[in-house]
1. Name the one entry in 260, 213 that is modelled with pLDDT of 90 or more, outside the structural domain of residue 36 (by TED's automatic domain parsing) and not in a strand (DSSP E or B).
2. Give the residues of the stretch 349-368 that are in contact (Cβ under 8 Å) with a residue 40 or more places away in the chain and not in a loop (DSSP other than H, G, I, E, B), sorted by residue number.
3. Can you find even one residue in the stretch 125-133 that is in the same structural domain as residue 32 (by TED's automatic domain parsing) and under 13 Å from the mean Cα position of the chain (by Cα)?
4. Just checking, how many residues over the stretch 216-247 are part of a helix (DSSP H, G or I) and over 14 Å from residue 113 (Cα atoms)?
5. How many residues, within the stretch 13-37, are crowded, with 20+ Cβ neighbours inside 10 Å, out of contact with any Asp or Glu (no Cβ under 9 Å at 6 or more places or on another chain) and either at pLDDT below 95 or assigned to a loop (DSSP other than H, G, I, E, B) (or both)?
6. What do you reckon, is residue 86 under 19 Å from residue 109 (Cα atoms) and not polar (S, T, N, Q)?
7. Sort out which residues of the stretch 38-85 are of a type in the set (Ser, Thr, Tyr) and part of a strand (DSSP E or B), and write them in order of number.
8. Can you spot a residue in the stretch 175-188 that is in contact with a Gly (Cβ under 7 Å, 6 or more places away or on another chain), within 18 Å of residue 247 (Cα to Cα) and buried (at least 19 other Cβ atoms within 10 Å of the Cβ)?
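The values are calculated or read from the model by the stated rules, or taken from the named source; none is laboratory data. Everything quoted here is computed from the prediction, not taken from an experiment. Every residue, glycine as well, gets a Cβ built from its backbone with ideal geometry; the counts of neighbours run over all protein chains shown.
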Amino acid sequence: MPLVATDHGQDLTDTLVEQVRGASQARTPLRIVGGDSKRFYGRPVAGTRLDVAGHRGVERYDPAELVLTARCGTPLAEVEALLAQHGQRLPFEPPAFGATATIGGTIAAGIAGPARVVRGPVRDYVLGARLLAGDGRVLRFGGEVMKNVAGFDVARLLAGSLGILGVLLEVSLKVLPLPAGTLTLRQSLPAPAALDLLAALARRGVPLSGSFWSDGELLVRLEGAAAGFDELAGMVGGTPLPADEATDLWRALREQTHPWFARAARPLWRIAVPQTAAALAPLYDEPVALEWNGRQAWVAGVGRGIIDRLTQAGGAHATLFRRDDADTDAAGGEVFAPLPPALLELHRAVKRVFDPASILNPGRMYAGL
């Protein structure tokens, strides 16, 4: 199938290079802004606004090769609509958190949705990138094909880097076909029983593409051939949801407009759990919701002291995902789990390579980074 291309929009590379070079020479901090839909995520950044929303357009899209390349300011909604026209999707099911979300911000934030449990993180689908470094260099990493990478895979490093290494000018992504069918089942279960069921289903190879537990209710999404759903439903248990209701439900979970998130008190913590029910046991007495078969927990309205106790007991790590403006000290000034000194210095060394003057989103991830 021939390459499919959409309107290229505006190429503002030269303008952005000039702005970044000037800021680097003057050592003026810059806050990179696309749609600004994820401004809440990470530490606050003080700096002159560097607007990249106008740098937009899908450069290349080949449905036959399952590869799409787009500029950073391209709206996420436009990318998803284009893919849907060809029966395809972004595999990591990213949340937008607002109509203004861009593909660049999506990759820089590195946040995956419910499908992360089966399809992996954002970085697994980044094939290549074009980056504007903090000293004005325009660098290209990777390409547009899946292959073994010799050396350090910098393109994937940019996923989740929150703009501290550079302005993501362009990104190439692996996409996947839409599923042949989906089925969502709902049932009442306490958390330990829900986690045991999910673990058993995973061991049996049941095609789970999403799970969510809250308030004694487990939601499970299956993907695959509809002909096999009756047998799978018998294994999972629960009541099937109508297709439209299920679509709305998983969108609400992805975008955190689901009732549990809507009423969740601030601060809202995201806890990555490396094990299963044993590590999660201390969470059951807190306002908690569970995703990714229990590998991700959301805990609402508790302070840093409780979070530290929970994570230290279970070997997990926590991120202060959302907070009220009055809660800027809820994490002791930090948002992400503390790094060992040697690892933090490695992060700083990498930043110095790409952003020698430390002007791009300074402090967004950690103080001094």
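1. Numbers: 213 fails: not in a strand (DSSP E or B).
Among 260, 213, only 260 is modelled with pLDDT of 90 or more, outside the structural domain of residue 36 (by TED's automatic domain parsing) and not in a strand (DSSP E or B).
2. The answer is 350, 351, 354, 360.
3. Restricting attention to the stretch 125-133, the residues satisfying the condition of being in the same structural domain as residue 32 (by TED's automatic domain parsing) are 125-133.
Subsequent filtering for residues that are under 13 Å from the mean Cα position of the chain (by Cα) retains 125-126.
Yes, that holds for at least one residue.
4. Number satisfying all stated conditions: 15.
5. Residues that pass the stated criteria total 1.
6. Against the criterion (under 19 Å from residue 109 (Cα atoms) and not polar (S, T, N, Q)), residue 86 does not qualify.
7. Passing the criteria: 48, 61, 69.
8. Looking for residues that are in contact with a Gly (Cβ under 7 Å, 6 or more places away or on another chain), within 18 Å of residue 247 (Cα to Cα) and buried (at least 19 other Cβ atoms within 10 Å of the Cβ), one finds at least one in the stretch 175-188, hence yes.
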